[in-house]
1. Given points 7 Å out from each Cα along the Cα-Cβ axis, report the Ile83 to Val25 separation in nanometres with one decimal.
2. Ignoring ligands, DNA and RNA, what accessible area per residue does the chain give at 1.4 Å, in Å²?
3. Which residue fluctuates most in the GNM of the chain (Cα springs below 10 Å): Ile83, Ile26, Ile37?
4. So I have (1) 6.9; (2) 8.4; (3) 12.3, and one of them is mean projected area of the Cα convex hull in nm² calculated from this model. Which one is it?
5. Sorted by accessible area (1.4 Å probe), largest first, how do Met28, Met8 line up?
6. To the nearest 10 Å², what's Glu73's accessible area with a 1.4 Å probe?
7. Note the full-extension length gain between Ser53 and Arg95 as 0.36 nm times their separation in residues minus their Cα-Cα distance, in nm to one decimal.
8. Keeping all protein chains in the complex and leaving out DNA, RNA and ligands, what accessible area do you get for His98 with a 1.4 Å probe, in Å² to the nearest 10?
Amino acid sequence: MNQFQTPMILSFRFLYGLRTLAPFVIGMSPVSFKKFILLNAAGALVWAVAVGSGGYLFGHALEIFVGKIKHYEVKVFAMIALIGLFVRTVHFYHRRKHKT
């Protein structure tokens with residue numbers, strides 16, 4: 001574990017599932033408190049910048065995509081409503097015809 005202490009402390013929050021388990025394992029290892037606090041703070045900073053930047057960029061890309069979709073939104077919902085009304089009407093008349 002000694003050779004992997006620094007990379008593990010810096011990267012455990014990026015690995016799903018290890019984020020909750022790794023601090024316990026590191027706490028049972030001979031890592032000094034000072035080293036853990038410094039590396040954990042650095043890892044948290046890198047994680048926050050990476051996730052925040054990713055969220056910002058994804059949000060911006062989604063906004064561009066949704067902006068293009070909004071142009072067709074009313075037309076698509078109107079078509080869905082008309083198709084639903086047509087299916088309901090056909091079903092209504094079909095049931096009425098076979099009931100008598």
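1. 4.9
2. 86
3. Evaluated over the chain, the most mobile residue of the options is Ile83.
4. (3)
5. Sorted by accessible area, descending: Met28, Met8.
6. Glu73 has an accessible surface of roughly 80 Å² with all protein chains in place.
7. Computed gain between Ser53 and Arg95 is 9.5 nm.
8. Counting only protein heavy atoms, His98 exposes about 120 Å² to solvent.
The values are calculated or read from the model by the stated rules, or taken from the named source; none is laboratory data. Computed from a prediction, not measured in an experiment: that's the story for all the values here. Heads up, the Cβs are rebuilt from the backbone with ideal geometry, glycines too, and the neighbour counts pull from every protein chain shown. Calculation scope for accessible area: heavy atoms of the full protein, side chains included, ligands and nucleic acids excluded. Shrake-Rupley method; radii C 1.70, N 1.55, O 1.52, S 1.80 Å.
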